[in-house]
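Trainee: Quick one: this structure, given as structure tokens, is what I'll be asking you about.
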Amino acid sequence: MIAIDGPAASGKSTTARLVAERLGYLHVDTGAMYRAMALKVLEEGIDFSDTSSIETLVDSTEVTLKSINGELRTFLDGVDVTEKIRSREVAKAASSVSTIRRVREAMVKEQRRMGKDGGIVLEGRDIGSVVFPDADLKIFLTAGLEKRVRRRQVELQKQGLQVDLEPLRKEIADRDRKDATRDASPLVKLPDAIEFDTSNLTIEEQVRIVVEKAKEIIRRQNQRL
Ligand code: DC
């Protein structure tokens, strides 16, 4: 069980996806689940301050992740929303809905169901602290704000969107603040997590670090058997 936590655009998704691929594990992007829930709130036209309506909505909403042809897809009430949830509007909305405890409880329940048998790499903000505090390997990924802003810009360019650095910088900094200061399961660096800064690492390097740590743990566990 591998938990990867860290702030927005720190390289979690790419790392988690490739680590899972190399180990033959399932990849679970928990941020995608909060994004799907946020998309539903936006589509229903509910105000983000209307907590009780959102709480009611959670009970009638189904958010699931499925691996299809080796690719992780996100479903909202049975509809594939994988691409739709990548917008800036949804990212901002996800940071809001994820402050609501009932939303978190529902998402965490599904994440625990998916992860119960192990062989999984989960990434998010509260994986090592709340979802699986007993994870075998906890990683905390960071990167400097400038680096993360540029990465997000490149990601948006790939979607055909040209966005200036300044508004992106503000959005990411606002989201960082919100995710780290909320009452419910804020992003924290745990004492038992291995922290590393991906600012000056290539994707290959960051993936190799995690895979090597994982293999070391697997070896130790096998020796004990
Ligand atoms: O990782 P991401 O940028 O796709 O996540 C979108 C938002 O969802 C993020 O701003 C905070 C929230 N989130 C969370 O609260 N807990 C998680 N485990 C994952 C994401």
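Trainee: Being buried (at least 21 other Cβ atoms within 10 Å of the Cβ) and either of a type in the set (Lys, Arg) or modelled with pLDDT of 95 or more (or both) narrows it down to one residue among Ile54, Ile46; which is it? Lay out the reasoning, then the answer.
Mentor: Values: Ile46 fails: buried (at least 21 other Cβ atoms within 10 Å of the Cβ).
Only one candidate passes the filter, namely Ile54.
Trainee: Select from the range 173-189 the residues that are of a type outside the set (D, E, K, R) and surrounded by 14 or more Cβ atoms within 10 Å (Cβ to Cβ) and write down the one among them that is farthest from Asp126 (Cα to Cα).
Mentor: Ala173
Trainee: Of the conditions (1) in contact with a Leu (Cβ under 9 Å, 6 or more places away or on another chain); (2) more than 14 Å from the ligand (Cβ to nearest atom); (3) of a type outside the set (A, V, I, L, M, F, W, C); (4) touching a residue at least 60 places away in the same chain (Cβ under 8 Å), Pro7 satisfies every one except a single condition; which number is it?
Mentor: Tallying (1) in contact with a Leu (Cβ under 9 Å, 6 or more places away or on another chain); (2) more than 14 Å from the ligand (Cβ to nearest atom); (3) of a type outside the set (A, V, I, L, M, F, W, C); (4) touching a residue at least 60 places away in the same chain (Cβ under 8 Å), Pro7 fails exactly one: (2).
Trainee: Among all residue pairs at least 6 apart or on different chains, which show Cβ distances below 8 Å where the first residue, located in the range 209-220, is among the basic types (Lys, Arg) and the second is not in a helix (DSSP H, G or I)?
Mentor: Note: pairs meeting the criteria are Lys213/Leu137; Lys213/Ile139; Lys213/Ile194.
Trainee: Please go through the range 40-96 and pick out each residue that is of a type in the set (Asp, Glu), in contact with a Leu (Cβ under 8 Å, 6 or more places away or on another chain) and in contact (Cβ under 8 Å) with a residue 40 or more places away in the chain.
Mentor: Once the filter is applied, which keeps residues that are of a type in the set (Asp, Glu), in contact with a Leu (Cβ under 8 Å, 6 or more places away or on another chain) and in contact (Cβ under 8 Å) with a residue 40 or more places away in the chain, the range 40-96 yields only Glu89.
Trainee: Which residues, counting only those in the range 109-128, are assigned to a helix (DSSP H, G or I), among the aliphatic types (A, V, I, L, M) and more than 8 Å from the ligand (Cβ to nearest atom)?
Mentor: Met114
Trainee: Just checking, does the range 66-73 include any residue being modelled with pLDDT under 95, within 15 Å of the ligand (Cβ to nearest atom), surrounded by 18 or more Cβ atoms within 10 Å (Cβ to Cβ) and among the aliphatic types (A, V, I, L, M)?
Mentor: Looking through the range 66-73, at least one residue is modelled with pLDDT under 95, within 15 Å of the ligand (Cβ to nearest atom), surrounded by 18 or more Cβ atoms within 10 Å (Cβ to Cβ) and among the aliphatic types (A, V, I, L, M).
Trainee: Right, another one. Of the residues Ala173, Ala135, Ala106, Ala93, which is outside any strand (DSSP E or B), near the ligand (Cβ under 10 Å from one of its atoms) and small (Gly, Ala, Ser)? First the steps, then the outcome.
Mentor: Numbers: Ala173 fails: near the ligand (Cβ under 10 Å from one of its atoms); Ala135 fails: near the ligand (Cβ under 10 Å from one of its atoms); Ala106 fails: near the ligand (Cβ under 10 Å from one of its atoms).
The conditions single out Ala93.
The values are calculated or read from the model by the stated rules, or taken from the named source; none is laboratory data. Everything quoted here is computed from the prediction, not taken from an experiment. Using ideal geometry, Cβ is built from the backbone for each residue, glycine included, and neighbour counts are taken over all protein chains shown.
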